[in-house]
Amino acid sequence: MTGIRALLLDVDGTILDTHEFILQATEHSLAAHGYAPVPREKITEAIGLEFDDFYKYILGRADFDPLPLQTAHRTFQLEHLDLSTPFPDTVATLEELARRGYKMAAVTNRRRATLLPTLDKENMIRFFDAMIAVEDAPVLKPSPVPLELAMEHMGVTAAETAMIGDTDIDIQAGKAAGVYTVRARYGIGQDGGTLEADLNLDTGISELLELLPPL
């Protein structure tokens, strides 16, 4: 990771363990609106998709308005923030990376309404020089645009930047933006996906400390 001085971090499945946070919100929303249960494996496959496509994917149809499901989903999450927790060593790792001089941005396909409370309750907002959520970009990952906006905010180039995420959506976005790509194999996308990243983190985000010396 020579020359890297900025990190673009996916949130769900990379710095926060939000698997149950997402699964239970989805199960609650479906039940509340009279839909049959969906296998958890199917829900997991949809994690990372734009929210307008999320319920269409897991239900296998597009002839309905997803807004009521989305509203119930977000309400459940705001009432159950305890289901979102950092992966082990995440806070300590981000703190050390900040101390070493690295700029960091959170780049997510989530809305700020649930993003900010989940980060704030762990006192993690302080680590980020930029946060790019649904409201901040005209298109979402796997487009490179959110990553490019984050780099612009931080004043860095693609050659100086790494994208760290757990799904193919993150790796595809990183490759399209021309940045170094790192797959968080410990996250929600544990199957490794189909796209090859430049580097894999197998056990946790703290592996970065062995690769990124002080600037």
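Once the Cβ-Cβ distance between VAL91 and PHE64 is put in as r, and R0 is 41 Å, what FRET efficiency do you end up with, to the nearest 0.05?
It comes out at approximately 0.55.
Could you state the angle between the C-alpha long axis of helix 90-99 and the longest principal axis of the C-alpha atoms of the chain, as a value from 0 to 90 degrees rounded to the nearest 10?
Taking the Cα atoms of the chain, the angle to 90-99 is about 30 degrees.
Of the residues VAL107, VAL139, VAL182, which exhibits the maximal mean-square fluctuation in a Gaussian network model of the chain defined by a 10 Å Cα contact cut-off?
Most flexible of the set in this elastic network: VAL139.
Looking at [x] -0.60, -1.13; [y] -0.68, -1.08; [z] -0.49, -1.17, which value of log10 I(q)/I(0) by the Debye sum over Cα atoms at q = 0.11, 0.17 Å⁻¹ comes from a calculation on the structure shown?
[z]
Using Cα pairs closer than 8 Å and at least 6 residues apart in sequence, work out the relative contact order for the chain, in percent.
It rounds to 27 percent for the chain.
Mind giving me the nanometre distance, one decimal, between the label points for ALA31 and MET1, set 7 Å out from Cα along Cα→Cβ?
Here the answer is 4.0 nm between the modelled labels.
In sequence order, what are the phi-derived ³J(HN,Hα) couplings for segment 108-121 according to the Karplus relation 6.51 cos²θ - 1.76 cosθ + 1.60 with θ = phi - 60°, rounded to whole Hz, with x for glycine and proline?
With the stated coefficients, segment 108-121 comes to 9, 8, 9, 7, 4, 4, 9, 4, 4, x, 5, 6, 5, 5 Hz.
Find the lysine pairs in segment 36-181 meeting two conditions, Cα atoms under 22 Å apart and a separation of 8 or more places or different chains, and report how many there are.
For segment 36-181, the number of qualifying lysine pairs is 7.
Just report the Cα centroid separation between segment 30-89 and segment 105-171, whole Å.
21
Round to the nearest 10 and give me the degree value, 0 to 90, for the angle of helix 67-79's Cα axis relative to the longest principal axis of the chain.
60
No value in this document is a laboratory result; all are computed from the given coordinates. Predicted, not measured: the structure shown is a model, and the values here were computed from it. Ideal geometry is used to build each Cβ from the backbone, glycine not excepted, and the neighbour counts take in all protein chains shown.
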